[in-house]
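Enquirer: This is the structure I have questions about; it appears just below.
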Amino acid sequence: MIKSELKLIILLIITFLFFYRDAFTQSINNQYSFTRINLDIVGNKSTDELSRLWDAQKGFEGSVEMPFYYGNIQVGVRYIPYKENEYFYHDFSTFYYFAGWGKELNLPFHFRWYNGFKVGAYAMAFHDDSLTIYQKDETELAAGLNSRVSVEILKNIFLNAAADYTAVFTHKRIELFLISAGVSYSFKTPIWLKEFLK
Amino acid sequence: MKYFFLFIIFIFQFPLFCQSNPLENKLTQRQVITEAMIKAAGIQTISGIIYLADKWNFYSIDGYERDLSANNLSDFQRQNFIVMIDGQRIDDKVFDVQNINQLPIAIDQVDYVELINTPQIYNGEYTENGLIDIHTKTPAKGLSARVFQGVGDQTGDPGPYSFTQYKSPNVDKMGYNLAAGVSLSTKDWYLNAATKIEQNFATDPEVNNRVSNLFPSYNKAEMTSTFYKLNVNALGGNQEILIGNTRHYDFFFFKPYGDEIPVNRYFKHVGLSGLIKPGNNYDIKYSAVYSTSEIGQWENNLNIDFNWQEVNYYAKLEGDYFTRDLFLTAGAGYRKLTGESPKDLFKKNLETKNLYGRADLKLSDNFIQSAGLFAVNSGGNTAMKGYLKNYWDLGSSGFLRSSYTYSERLFQEDANYWYWNQQGYSFNAQENFAPLIYGNIGTSRLYTADLDYGKDFDSTLSLSFGISYRHFSNYYIESQSYQYYDNQSSFYAPVEIFTNSNLKVFGGYAEIQYRIIPNLTQKIYYSYQKDFWGSPIFRDIWAELPVHKFSYTVNFMPSPDFGIWAKINYASATTWVDYKYAGLQTGEQYKMKVLPLLIADVSVQKWLWERRIWLNVLFRNIFNQSEKYIPIGVSNTLRFYLQIQIHLDSIL
């Protein structure tokens with residue numbers, strides 16, 4: 001039986017190989033040439049045990065994206081609060097600090113399609129005064145895949161719709177299926193930032 | 001003693017000594033691990049470097065400290081490999097237990113590491129159990145500063161399920177590492193000052209249950225170190241002063257006791273070494289070291305206190321004469337080790353003297369030969385060690401290298417707990433830790449033979465393989481059939497020592513390195529070793545070493561500032577006979593047989609700000625297998641490590 005980690009790794013490898021065909025055709029001189037800032041509202045569509053025991057609220061995700069080798073690199077943070085429901089477990093907030101990489105393809109009518117993966121630290125803060133300082137926070141590894149369709153509505157301004165799968169490697173796995181919508185703004189990367197990144 | 005001083009006088013009257021020996025580079029069976037390799041693999045601690053040592057085996061109980069065995073030169077019971085920093089011997093061990101993380105340097109100070117894999121004379125030491133020489137970086141001119149921070153986290157925390165029916169133990173952080181340093185450098189001298197903090201957490205249930213028995217309040221082991229190095233280019237060579245100290249609040253696994261004991265360890269080192277070059281064909285190497293290694297009390301339920309200190313004085317003088325085709329070495333060393341337990345009014349000295357000589361000869365354009373003789377005297381007993389090494393350059397067909405060695409070793413050279421116990425020292429645990437010794441512990445003998453072949457087909461493909469033979473004779477082997485005490489989660493067994501134990505081992509390895517494209521290299525390594533004759537107890541202990549090891553490493557550096565590294569490691573199952581009853585007594589929680597390891601790691605590195613900032617993320621054990629090395633050790637699963645290094649060179 002293939003473990004879930006192995007399945008995820010295979011998916012990541014397939015994602016990489018899919019874009020690897022033109023990997024060496026794209027000039028790396030293009031690196032960091034533009035910066036794109038993404039802001040999205042995130043909704044939870046998970047059906048796992050976590051979503052049964054807590055009610056996930058609307059969340060937010062902000063990220064910065066720029067060309068990096070054969071695709072785009074992303075760094076960002078996603079915030080989703082969880083509220084108690086009929087099970088009365090105390091509330092907690094999650095902050096997912098991630099880095100990701102993917103490839104964006106141009107589609108007709110100014111549409112673009114980005115597919116990639118994210119890896120990061122999934123921090124959880126539990127809101128209960130009865131907890132000790134050591135029990136109030138926890139951080140765990142998380143990784144997943146994401147897909148985004150965007151359209152340029154004004155010069156350098158995009159509307160986005162995305163789907164995201166994130167696995168959090170807790171003892172009992174958390175598997176999140178998320179959808180999001182938002183806007184992006186793209187601009188030429190300042191020279192000082194390019195120099196810093198090299 | 002008089003012979004020692006006569007030899008010193010003889011050395012000073014004879015034209016002497018040399019610096020780097022070009023012939024030695026070809027004759028020595030060693031592995032060099034560079035800073036680039038360490039960075040690619042995302043390693044954060046000094047002992048983590050052993051992950052990259054192909055011919056060394058290790059096991060770890062807590063996932064942080066590692067016990068080592070070099071190239072089948074010893075089992076895990078004796079930890080007598082030699083450790084050096086910049087060629088200066090560092091004795092941070094207490095008894096014969098070494099934790100190289102206690103060396104007062106951090107990972108970002110390492111330039112490269114030399115691992116000597118067969119017995120030979122190296123910097124005035126005889127490397128019968130292997131040697132690790134860590135070379136620190138030479139700082140950039142002017143004032144420079146650096147900072148290193150790293151953290152590791154194991155997956156498998158309970159997360160929000162901690163408050164539900166799905167609750168599970170918290171596995172917490174793997175470690176936290178912080179280091180900083182400044183350096184000042186001119187054309188003729190430089191000064192390094194550095195400090196480091198390392199924390200490790202006993203959160204894995206298999207360790208935490210035992211630790212909690214003696215130490216219920218806290219689970220964090222913490223170490224702080226400082227290090228200073230002054231290097232002066234004078235008298236034709238480098239003269240170096242190394243000063244370092246380490247304070248380590250540690251959960252010290254002490255095998256005779258069977259469990260971890262909270263201890264307060266303190267190590268300090270002051271050493272002077274260097275090279276003087278009086279003539280074009282002569283040089284003199286010297287070294288003088290004072291160090292202390294203490295193991296004291298850290299509060300614990302049973303008030304266990306080793307109350308032990310080892311004070312070490314060490315001096316070495318060596319002379320070399322060399323020409324293009326000849327390298328001659330003669331040297332002498334003296335060591336005084338004082339073992340002291342103030343509470344018990346115990347204080348005894350152990351003196352060791354050694355004399356050695358070595359000749360490397362280029363007998364023809366394609367043949368180099370080296371022979372060395374090393375004599376150790378202690379307490380009226382003398383042990384002789386020697387070797388013969390050959391190197392044939394086969395031109396376009398590659399090279400062939402051989403090594404034949406014979407090493408005697410005195411019981412005093414081990415200076416372990418059993419030695420001091422026989423002198424009258426015993427720590428204060430209630431159990432009786434006087435071993436039952438069958439026979440007399442005498443001088444042990446080790447015969448080794450190694451034959452290597454290597455060939456570079458072109459600039460992209462190289463191949464090497466070799467075979468080895470080991471014959472251990474008259475060794476002493478510890479045996480403990482641990483019993484498990486469920487109410488304390490602890491192990492205990494009286495110690496039996498079997499003398500006159502023998503073993504013969506055959507081994508072999510093969511390595512292929514292939515560069516697919518200019519920035520993508522890969523390496524395949526396989527090794528095999530198996531005992532085929534010997535005393536039953538020795539053969540049982542040798543089963544702690546894996547028979548088969550395989551690794552595949554790939555390193556992709558599309559540009560100098562970005563790289564991806566991956567490694568798959570396989571090691572066959574091991575058997576730990578001391579825990580033969582543990583499986584039955586613990587409901588198979590601690591089984592004698594440790595399953596094969598299949599570990600895959602991925603590391604990504606990125607330089608920023610024109611190589612001033614370096615970032616790394618390492619995913620270790622990405623297939624989330626149980627990574628366990630010893631029955632009572634942690635079972636590490638998928639974990640990730642982050643680190644940042646900042647190098648501000650020549651800021652003034």
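The values are calculated or read from the model by the stated rules, or taken from the named source; none is laboratory data. Being a predicted model, the structure only gives us computed values, none of them experimental. Here Cβ is always computed from backbone atoms with ideal geometry, including for glycine, and neighbour counts include all displayed protein chains. The accessibility values were calculated without ligands, DNA or RNA, using every heavy atom of the protein model including side chains. Shrake-Rupley method; radii C 1.70, N 1.55, O 1.52, S 1.80 Å.
Enquirer: With the crude spin-label approximation of a point 7 Å out along Cα→Cβ, what separation in nm comes out for residue A:106 versus residue B:532?
Expert: Between residue A:106 and residue B:532, the simple spin-label model gives 6.7 nm.
Enquirer: Then there's this: Tell me the net charge near residue B:502. Cut-off is 15 Å between Cβ atoms, residue B:502 excluded, with +1 for each Lys or Arg and -1 for each Asp or Glu.
Expert: Combined, the nearby Lys, Arg, Asp and Glu give +1.
Enquirer: Still on this structure, I have one more. Given a Förster radius of 41 Å and the C-beta distance between residue A:87 and residue A:133 as r, what FRET efficiency does 1/(1 + (r/R0)^6) yield to the nearest 0.05?
Expert: 0.95
Enquirer: Now, a different point. Using a cut-off of 13 Å between beta-carbons, work out the net charge of the residues near residue B:371 (Lys and Arg +1, Asp and Glu -1, residue B:371 not included).
Expert: Taking every other residue near residue B:371 into account, the sum is +1.
Enquirer: Right, here's the next one. Be a star and scan segment B:152-182 for residues whose amide nitrogen sits under 17 Å from the point 7 Å along the Cα-to-Cβ vector of residue B:589.
Expert: B:168-171
Enquirer: Can you give me the Cα centroid spacing of segment B:119-171 and segment B:471-508 in angstrom?
Expert: 29 Å
Enquirer: Going by Cα centres, segment B:343-364 and segment B:38-79 are how many Å apart?
Expert: Rounded to whole Å, the Cα centres lie 25 Å apart.
Enquirer: Continuing with this model, one more query. Please give the residues of segment B:413-449, grouped as numeric ranges, whose backbone N is less than 16 Å from a label point set 7 Å along the Cα-to-Cβ vector of residue B:406.
Expert: B:443-449
Enquirer: A further question on this structure: Which length gain, in nm to one decimal place, applies between residue B:224 and residue B:164 when the Cα-Cα distance is subtracted from 0.36 nm times their residue separation?
Expert: 17.7 nm
Enquirer: Can you put A:88, B:556 in order of accessible area, largest first, using a 1.4 Å probe?
Expert: Ranked from most to least accessible, the order is A:88, B:556.
Enquirer: Over segment B:2-648, what is the mean sequence separation of C-alpha contacts under 8 Å (at least six apart), divided by residue count, expressed as relative contact order in percent?
Expert: 12 percent
Enquirer: If the reach is capped at under 18 angstrom between alpha carbons, list the lysines near residue B:167, excluding any in the same chain fewer than eight residues apart.
Expert: The qualifying lysines are A:136, A:172.
Enquirer: Could you check the simple spin-label distance between residue B:460 and residue B:384, using points 7 Å along Cα→Cβ, in nm with one decimal?
Expert: A separation of 5.3 nm, rounded to one decimal place.
Enquirer: I've got another one for you. If Lys and Arg each add +1 and Asp and Glu each add -1, what is the summed charge of the other residues whose beta carbon sits under 12 Å from the beta carbon of residue B:305?
Expert: Around residue B:305, the surrounding residues sum to -2.
Enquirer: What FRET efficiency do you get for residue A:77 and residue B:31 if R0 is 30 Å and r is their Cβ-Cβ distance, rounded to the nearest 0.05?
Expert: 0.10
Enquirer: If I compute solvent accessible area with a 1.4 Å probe over the protein chains, what percent of it on the protein assembly as shown is carbon and sulfur?
Expert: The nonpolar share, carbon plus sulfur, comes to 60 percent.
Enquirer: Can you work out the FRET efficiency for the pair residue B:323 and residue B:235, with r the C-beta to C-beta distance and R0 = 25 Å, to the nearest 0.05?
Expert: Efficiency for this residue pair is about 0.70.
Enquirer: Separate question: Using the Kirkwood radius built from alpha carbon pairs, what does the Stokes-Einstein equation give as D for segment B:2-648 at 4 °C and 1.567 mPa s, in µm² per second?
Expert: 50 µm²/s
Enquirer: Give me the base-10 log of I(q)/I(0) for the protein assembly as shown at each q in 0.05, 0.06 Å⁻¹, Debye formula, one uniform scatterer per Cα, rounded to two decimals.
Expert: For the protein assembly as shown, the Cα-only Debye profile gives -0.31, -0.44.
Enquirer: Still on this structure: Let me have the 222 nm mean residue ellipticity of chain B computed from DSSP H runs of 4+ only, each contributing -39500 (n - 2.57), with the sum over all residues rounded to the nearest 500.
Expert: Calculated at 222 nm, the ellipticity per residue is -2000 deg cm²/dmol.
Enquirer: Working from the pairwise distances between different alpha carbons, so that the mean of 1/r is found and then inverted, what is segment B:201-264's Kirkwood radius in Å?
Expert: 14.5 Å
Enquirer: Note every residue of segment B:154-200 with a reduction of at least 50 square angstrom in accessible area, all protein chains present versus the isolated chain, computed with a 1.4 Å probe, or write none.
Expert: At a threshold of 50 Å² (probe 1.4 Å), the residues of segment B:154-200 that become less exposed are B:157, B:160, B:161, B:163, B:166.
Enquirer: Can you give the accessible area buried between chains A and B, summed over both chains, with a 1.4 Å probe, in Å² to the nearest 100?
Expert: So the total buried area for this chain pair works out to about 3000 Å².
Enquirer: Over chain A, with a Gaussian network built from C-alpha contacts below 10 Å, which listed residue (A:148, A:78, A:173) shows the highest mean-square fluctuation?
Expert: Highest fluctuation among the options: A:173.
Enquirer: Still on this structure: Which one, A:63, A:107, A:11, is farthest towards the positive end of the dipole of chain A when Lys and Arg carry +1 and Asp and Glu -1 on their Cβ?
Expert: A:107
Enquirer: May I pose another question? For segment B:76-92, in order, what is each residue's ³J(HN,Hα) by Karplus, 6.51 cos²θ - 1.76 cosθ + 1.60 with θ = phi - 60°, in whole Hz (x at glycine and Pro)?
Expert: 7, 5, 9, 10, 9, 5, 9, 10, 10, 10, 6, x, 9, 5, 10, 10, 8
Enquirer: Pick from A:170, A:139, A:94: which is most flexible by mean-square fluctuation in a GNM of chain A where alpha carbon atoms under 10 Å apart are linked?
Expert: A:170
Enquirer: Let me ask something else. I want to check the label-to-label distance for residue B:367 and residue B:297. Put each point 7 Å from Cα in the C-beta direction and report it in nm to one decimal.
Expert: Going from the residue B:367 label point to the residue B:297 one covers 6.6 nm.
Enquirer: Moving on to the next point. Taking a virtual spin label 7 Å from the Cα of residue B:623 along the C-beta vector, which residues in segment B:36-53 bring their backbone nitrogen under 19 Å of it?
Expert: Output list for this probe position: B:51-52.
Enquirer: Further question on the same structure: Show B:222, A:104 ordered by accessible area, largest first, where the area counts protein heavy atoms only and the probe is 1.4 Å.
Expert: Sorted by accessible area, descending: B:222, A:104.
Enquirer: Expressed in whole Å with the largest first, what are the equivalent ellipsoid semi-axes of segment A:4-197 derived from the C-alpha gyration tensor as the square root of 5 times each eigenvalue?
Expert: Result for segment A:4-197: semi-axes of 32, 18, 17 Å.
Enquirer: Charges at C-beta only: +1 for Lys and Arg, -1 for Asp and Glu. How large is the resulting dipole of segment B:539-631 about its Cα centre, in Debye rounded to 20?
Expert: Computed about the Cα centre, the dipole is about 60 debye.
Enquirer: Under a Cβ-only charge scheme (Lys and Arg +1, Asp and Glu -1), can you give me the dipole magnitude of segment B:2-648 about the Cα centre, in debye to the nearest 20?
Expert: 940 debye
Enquirer: Distance between the C-alpha centers of segment B:232-304 and segment B:584-627? Whole Å please.
Expert: Value for the Cα centre distance between the two parts: 30 Å.
Enquirer: Return the equivalent ellipsoid semi-axes of segment B:494-652 as a descending list in whole Å, where each equals the square root of 5 times an eigenvalue of the C-alpha gyration tensor.
Expert: So the equivalent ellipsoid measures 40, 20, 16 Å along its semi-axes.
Enquirer: A further question on this structure: If the cut-off is 21 Å between C-alpha atoms, which lysines fall inside it for residue B:606, apart from same-chain ones fewer than 8 positions away?
Expert: Within the straight-line cut-off, residue B:606 pairs with A:103, A:118, A:194, A:198, B:39, B:137, B:567.
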